[in-house]
Amino acid sequence: MFIKFPGIGPRQAERFVYFLLSSPQSYRQELMRLIGTLKDDTKVCVSCFRFHSNRADICSVCGNANRNKELLMLVQKDVDLDNIERTKDYDGYYFVIGGTVPILDKNPSTLIREKELIETVEKRAKDGLKEVIFAFSVNPDGENTAEYVRKVLEPLLKKSDIKISTLGRGLSTGLELEYSDPETIKNALKNRV
Ligand SMILES: [Zn+2]
């Protein structure tokens, strides 16, 4: 079970099992209850596609009209969005593309929310969007994803005079955004090109 968790190897999975075996039954029951209600308590935001636990259909970021409508940041996954939000240095909106496009993949459009992305950018373009920021991992797959998304969005962006920028290279190569510290992300944001 735990071996399917992101970033967890067989040894760690085994430690989780031993931990559960040695923890009180009340803890295990509470954990089971929380896992059982996880799906009921979370929704996917209809605007940025992140998971959220609001009662509304849109998350607190998308629902906040005071954010900067000129900026839209594209991230690969929810945890990247959370990490950027934590820096409190970015006040634009987001879109979670929901995956990566590995090099040589034959069907890239099935790996990310391509249709939804185009619709979002079209809608935001009418609402004053000026810049789309790529916040993808600095590794070959992340770069390939950027290249693919750029190709998808280019005609649309040219038409509306919207520029594309990429998070600065302050992020070290091979490091996922997920594991970057707030200071590094802040610099990467400031130095986007
Ligand atoms: Zn949202």
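On a 32 Å Cα-Cα criterion, which of the cross-link pairs Lys126/Lys190; Lys130/Lys186; Lys77/Lys163; Lys4/Lys130 come out too long? List each step's numbers first, then the result.
Working: Lys126/Lys190 26 Å; Lys130/Lys186 20 Å; Lys77/Lys163 22 Å; Lys4/Lys130 40 Å.
With Cα atoms farther than 32 Å apart: Lys4/Lys130.
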One computes Rg over Rh for segment 7-123 from alpha-carbon atoms, with the Kirkwood Rh, and obtains 1.07
For helix 25-41, what angle does its Cα long axis make with the longest principal axis of the chain, in degrees from 0 to 90 and rounded to 10? 30
Cα long-axis angle, helix 140-160 against the chain (0 to 90 degrees, to the nearest 10): 40
Top positive-direction residue, dipole computed over the chain with Cβ charges, set Leu167, Asn66, Val152: Asn66
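Arranged from highest to lowest average of other beta-carbon atoms within 10 Å per residue, in what order do the peptides 17-23, 148-154, 46-52, 75-81 appear?
Values: 17-23: 9.9, 148-154: 16.3, 46-52: 19.3, 75-81: 21.9.
Most protected by this proxy first, the peptides run 75-81, 46-52, 148-154, 17-23.
Could you tell me which of rounded, prolate or oblate describes segment 43-193, using a ≥ b ≥ c as the square roots of the eigenvalues of the alpha-carbon gyration tensor, with rounded for a/c under 1.5 and, failing that, prolate when a/b is larger than b/c and oblate otherwise?
Values: a/c = 1.26, a/b = 1.07, b/c = 1.18.
Rounded, since a/c falls under 1.5.
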What is the dipole size for segment 61-113, taken about its Cα centre, with +1 at each Lys and Arg Cβ and -1 at each Asp and Glu Cβ, in debye to the nearest 20? 140
Using the Cα centre of the chain as origin and beta-carbon charges of +1 (Lys, Arg) and -1 (Asp, Glu), tell me which of Ala125, Val138, Ser22 is placed farthest towards the positive end of the dipole. Ala125
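Taking neighbour counts of Cβ atoms within 10 Å as a proxy for exposure, in what order, fewest first, do Leu156, Leu167 appear?
Values: Leu156 15, Leu167 25.
With the fewest neighbours first, Leu156, Leu167 line up as Leu156, Leu167.
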Calculated from DSSP H runs of 4 or more alone, at -39500 (n - 2.57) each and per residue, what is the 222 nm mean residue ellipticity of the chain, nearest 500? -14000 deg cm²/dmol
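With +1 assigned to the C-beta of every Lys and Arg and -1 to the C-beta of every Asp and Glu, and no other charges, what is the dipole magnitude of the chain about the Cα centre in debye, to the nearest 20? Display every interim value, and only then the final one.
Working: 30 positive and 28 negative charges, 40 e Å.
Roughly 200 debye, rounded to the nearest 20.
Where a number appears in this text, it was derived from the coordinates with a stated rule and is not lab data. Since the structure is predicted, the reported quantities are computational estimates derived from the model, not experimental observations. A quick note on method: Cβ atoms are made from the backbone with ideal geometry, for glycine too, and the neighbour counts reach across all protein chains shown.
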